[in-house]
Structures are given as structure tokens and as C-alpha cells.
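The values are calculated or read from the model by the stated rules, or taken from the named source; none is laboratory data. All values derive from a computational prediction rather than experimental measurement. Virtual Cβ from ideal backbone geometry, glycine too; neighbours counted across all protein chains shown. Remember, those area values only see protein heavy atoms, side chains included, never the ligands or the DNA or RNA. Shrake-Rupley method; radii C 1.70, N 1.55, O 1.52, S 1.80 Å.
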Amino acid sequence: VSLWSLNQYLEHFLLTDFNGLCYPGNFSEVDVDGGIDQDILDINEALGLNLFEGDIKHDGIQTRNSIIGDNYRWPLTIPYVLEDSLEMNAKGLILKAFERYRLKTCIDFKPWEGEQNYISVFKGSGCWSSVGNRQQGKQQLSIGANCDRIGTIQHEFLHALGFWHEQSRSDRDDYVSIMWDRIQSGKEHNFNTYDDKTSSALNVPYDYTSVMHYSKTAFRNGTEPTIITNIPDFMDVIGQRMDFSDYDLQKLNRLYNCTSSLSFMDTCTFELENVCGMIQSSEDNSDWQRVSQVSAGPRTDHTNMGDCKDTGYFMHFNTSTGKIRDSAVLESRILYPKRGFQCLQFYYYNSGHESDYLNILVREYALDGSTSALRLVERIQGSPLDYWQLYHIPLKVTRKFRIAFEGVKGHGSSNGGLSIDDINLSETECPHHVWHIRNVTHLLNTSPAGTKGRIFSPPFYSSKGYAFQVGLYVNGTSDNPFTLAIYLYLISGVNDDRLQWPCVWQQVTMELLDQNPDIRQRMSNQRSITTDTSVLTGSSSYFWDRPDKVGAPANFSNGTQFMRGPGRGTSGYLTHQRLRSLNFIKDDGVFILLSMEDISHLINQSVFINTTAPGRTCRNYPCENGGVCTVVGEKPECRCAVGDNWWYMGEKCEKKGTTKENIIITVSSSIAIFVFMLLVTIISTCCIKKKYRQKMRENKEAWILENVSIV
């Protein structure tokens, strides 16, 4: 699959009659949003909730000074409990939301270990939270049905951290106009503003792009907007629920005195001459050059795409001259890991020869300061392409280290070389797959709405071996045009006979990448779908069963037939207006990052803790690997740390489990079972042959005796 030409794949689908691939009589897709793009206030209003400002739990004594008073702030590490009532998809998304907080702020989250105040996240009616730390022990935050979107979760946790809605600022009327006659009767108080004595904007400008801003349709009594932006271009911007805006982060970091974020490590666009502190190695025989263009390509950098005069630099290793195996090594500054896993992301352009290659290496430092030799992590090699490609390299480094980019000249003739740009390093998990869709402008201008305008990704495999595919309606469905629609399908694969069916508790994340060069400033659009045995097809079959049982025939571009299961996703993934408003489209292409992760370890997460005297009970019961001691039924018990695809287990959290290990165990078990069955088959065959020979011998002797008697 990794060797497929995506250009040929997309060209095939652009020229193919999609109705021929869909088999509409047997094929089905389910929109998890029911074809309606509901915001937080829409969800709560449909449930008949009468919450303050639509999604704030008011305790009767709450005033508007929560982001001014220190008493309402949480510690930088916030205790939480994920209650069992939460939907599994929501649990996985909450952990992903925590990762965004860690990447962009100094706010962290940890499982509750008996602290006096903590956040209890549960599936209540609707999406809501209190504002600030109420200092009342257990503080509830509801992520109810249809609230399982990462932007919605970030929004509610920002309330809990002490933030009100953006349009309630004292200077609101300078930036938006409230259409009072269009507001539902009795809901006018939700549009009140509050002066600087009771609510602070923290000296940050008014933010149309805030994840905390009402949408233009909030509390409307008809079809006309209730909020008009004084700058018309922002009418369709307010109310976004994709990610933190830059000003959201400024306010949060100022309120909690953050000077750095937890999991971010480095970013570099090569715009400054010091190239972000990177150094040229003395162990090679060539150098990387900081340039703004190369005649053979790239003609522009990736950061600015040539749009800004006198800017736009990248690093280039020239392979058009020199000898075979000439190399140039560019090393990063020294980096200090905290979590033991990292993701290196960068853009790469090959205008040289297919024999040229790029090595990604790591140099680690021992405690005594000595350094190890460069260790190869991954080699990138392939045919030259006339566009920037996106790469993610997972690392697992535990000591201080440097990352090195080594360009190596191959044996073929080259007119260009190797280029890199927009490097980001963070202590986060890398996405599993990247779908690069090119010629986006042409697709948007020519693709019809509906199935004839749908394109499919190449097939991908999860770490457990499930095969899946993503379908994208470029110009939306027939019922919802001019909005990207996205759907997930399981497809038949080589491992199907060895996998568990129906496929259960696998969470697939589909993220349209905002290609801002700084990973902290990205506002990517993400939706997640989790496989669940409670979801059935119209014929009462398991929705996520084997594709050859519940799917329909389809064909790859090379003519190979496979089975595609029913799709599940949303017709309201992203409007075209939002698609064009940020850096989603760059170099006339978009990237969709895909991951399928096993979240079955999140099934039971909540624990009832006796907080009266946990210290005395836990004093002689130490938990390992960051686990915390809790009291359950007057007995000490360890609650182990959990990540997106790793977890600790055992009586005292002494064992670590990962999805990778599960795969190894599964494969090993499959091999063991295969060997056992093979032995059984061989032994059985031998026994049958022996028995058959003996029977033939007896029959032969009987035949001889019979003939002798006749004679």
C-alpha cells in the first residue's frame, strides 16, 4: 500500500463513475450528526435545558469574577475522573483534548487520587460545565450525547478553568452587534456584558475566532442571525469548534502564568539565519544550504509558499554535484525529553534522483555527558516529486538528545537535491497514516455534490491489522452541499480470518491538518468514530462486522476487487468557507491525518474513592510508574496511568501495556495456535495412514485366505 502512487489513485477516481463503485442497492452510510450541524447551544436547547448562557451550570452564589479571583483557579495539574457513564468515543476524545492542552499550555491533567477538588466528567444531559474551580469537592462536567467533539470538550474545560463566553466582554459592542429582536423571548440575559470589575479580558484583543464565542445563530427565534460581526468577513468565523485560537491560548497562558507548554519541544521554519540553533556536522563532507528556491524544485518554501517578499527559506542538500555517498548532516540543538516518546514532523521535497535519500538520526547523551554515535531511526527514499510531502517520524528517546537530518547522494544523475522545511517536534503520538489530496482547487471547482463527487483514500491498516478506508465528499452530499463530508469504512483485508469480529472499541480519528508552520498555532479539524457492537445495520447485523458479510463489492485502481463495509461519519465535517479561512490548503493540497487506536482499556475508568483518610491507608502501599493509591472499600488500590495507546496495569501498576504489544501477543498466539493445529493435523494424518495400512493388510490377508479356501 505504501508504494501506491497516490496521484494515479486519485486520477483513477476522478475518471471513474462513482455509482459503479457504490452499489447503492446494498451500500449504506450513516451520518452520526443526522445531517444537522449542531453547536453546543443547539444540543442543550433541544434537550430543554435552561442553563446560564446556554452551557454554564450556575450554583446560585456564582459571580462574574471567577477569572479575577485566585481562589477560582485550579492547580496546574488538574485531578479528574472519567465516569463509566461516558460514551467510549467521548472518553477517547477527552484524552485527546488533554493532549492539546499539554501541547499548547502548561495545564496538565491526572487521574484523581483523593484531592479535595476534582473534575468529574460524565454523560449528563447536554454539554455543560461550571466556571472556574468552585472549591466544592466533586465538580461535574457533562459531555452528553452528540457532545463528543474535541472542540466542544475544549470549550467546556475552558469554562471549568475560569473562562466565560467571548461575547460577554465589556467591549463586545465595539466588535459585534446584537440583534435583540431576533432573540428568543426570555433568553436576552444570555447576551449581557460585564464590566472590567467582574470579568477580565486579560489585556487580549477581542477574538472573533475564539472557541468560546457564540455562533451567529445563538438563541435565535427564526432564521436570521442574532449576532452580526462589525467586520463582515467574520460572520461565518464566529462560533468555531475546531481548536483553541491564538488569543484563547494567550488568555489561558496569562491566567495560569504559563511560560512554556508541556509537550511542545521545538519548531523551525528556517526564516532566521541562525536556523533555529541547528549545526552543520563536522563528520560529513558537504553542507546543507539555507535557500529560498532551487531551479529544479522547490521553487518556494513551504512556510509562505512564495507569498511574502524577501522571506521564505528552507534547507537544501545539493545532489547535482559531488560523488556517490557524499553526505551532509544537520543536527538540532540539544533537546530534553520528559515523556519518553516524541513525534517529529516535517515537510520534505526530493528534486534529485531516486537513489538519493534522507536519513533521520538521533544522538543521545549519557548522564556523564558522553555522547553516543548517531542512531538511524528512519530512511526516506523514493522517486522525485514536484511537491512538498509531509512526514511523521515516531521517536522513543528518554535522555537528552539531538535530531539529525542526513542527506546522502545516490548513484544516479541529479539536477536538484533534498529539501526540508517547517519542522515540529513534540512529545505526542504521531498519526498512523497520512492521506495527501492534491489538486484541491480543481476538485472543488469541478466535483458535483453527492456520490459522484466522492473520493476514497488508499486502504490503510491499523496496528491490530484491521483494514479501513475513508471517503470524502469534496462538495458535500446532495442534502448538504458546500460542506466537506467524511465517512469511515472497514474494508476486507489480508488479516480478516485472524481478527476479532465484529470489530469493537477501535477509535478512528480523521484530522484535516491546518498547515500552520507552528504546531502550537494550528486549528486542525478533527472527528472521531469508535466501533461499537451496539451499532447495527438496517438488517440487524453488526455494523462493524466483517466487510465480506455486511459490505458491498468495490474496486481498487488496479482492478482488484474488495469488499467495503457500510460507512459512518458526518455530512457536516467542515464548510468550504472554513476550509479556505485557515492554512488547510497549501501548495494546492490538503492532508488528512488518520489513526485507528484500541481504546478498550477505557471501558471501566471511574473509581469510588474514600477521601476521608487515604494517606493513612495508602502509606505502605506504593504504586509504581505514576500510579496513584486510592481507597476502595477501605482497602488500598492503585489507579494506573493511561495514555492514548499505552497503559500500566497490575496490582501496583508494575506492568506496561501497549497496542503494539497486543499485536505481538495476538500474532504470537495465532502462530502458536497454527503450529498446534499443524501438529494435530500431522499426527492425525499419520494415525489415519497407519490405521488405513493395517486395514488394507488385514483385507489383503482375508482375500488371500478366501481364495485359498475356494481353491
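Pairs over the 20 Å Cα-Cα cut-off, from the set Lys91/Lys216; Lys110/Lys652; Lys251/Lys400: Lys91/Lys216; Lys251/Lys400.
Label sites at Tyr391 and Ile585, each approximated as a point 7 angstrom past Cα along Cα to Cβ, lie 2.8 nm apart. Each Lys or Arg adds one and each Asp or Glu subtracts one; over the other residues with Cβ under 15 Å from the Cβ of Val397, this totals +3.
With the simple model of a label 7 Å out from the Cα in the direction of the Cβ, Lys656 to Ser125 spans 4.5 nm.
Label zone (Asp181, point 7 Å along Cα-to-C-beta; backbone nitrogen cut-off 17 Å) within the stretch 213-231: 220-228. What the Cα convex hull of the stretch 264-426 gives, in volume per residue, is 104 Å³.
Take each peptide in 481-491, 100-110, count the other Cβ atoms within 10 Å of every residue, and average; sorted highest first, the result is 481-491, 100-110. The reciprocal of the average 1/r between distinct C-alpha atoms defines the Kirkwood hydrodynamic radius, which for the stretch 168-248 equals 13.3 Å. Mind checking the per residue accessible area of the stretch 82-201 for me, 1.4 Å probe, whole number of Å²? In whole numbers, the stretch 82-201 has 32 Å² accessible per residue.
Rolling a 1.4 Å probe across the protein heavy atoms gives the stretch 433-601 an accessible surface of 33 Å² per residue. For the stretch 200-285, the set of GluC sites (Glu not before Pro) satisfying both a DSSP loop assignment and a count of at most 14 other C-beta atoms within 10 Å is given as Glu273, Glu283. Label-to-label distance for Ser478 and Lys309 is 5.1 nm, based on points extended 7 Å past Cα in the beta-carbon direction. Residues of the stretch 571-596 falling in the label zone of Asp236, defined by backbone nitrogen less than 14 Å from a point 7 Å along Cα to beta-carbon, are 573-582.
Note on Glu378 and Ala296: the extension gain reaches 27.0 nm, defined as 0.36 nm multiplied by sequence separation minus the Cα-Cα distance. At R0 = 56 Å, how high is the FRET efficiency between Lys400 and Asn555 if r is their beta carbon distance? Nearest 0.05 is fine. After rounding to 0.05, the efficiency reads 0.65. Potential lengthening of the chain between Ser413 and Arg438 amounts to 6.2 nm, from the contour at 0.36 nm per residue minus the alpha-carbon distance. FRET efficiency for the pair Asn257 and Ser541, taken as 1/(1 + (r/R0)^6) with r the Cβ-Cβ distance and R0 = 60 Å, rounds to 0.65.
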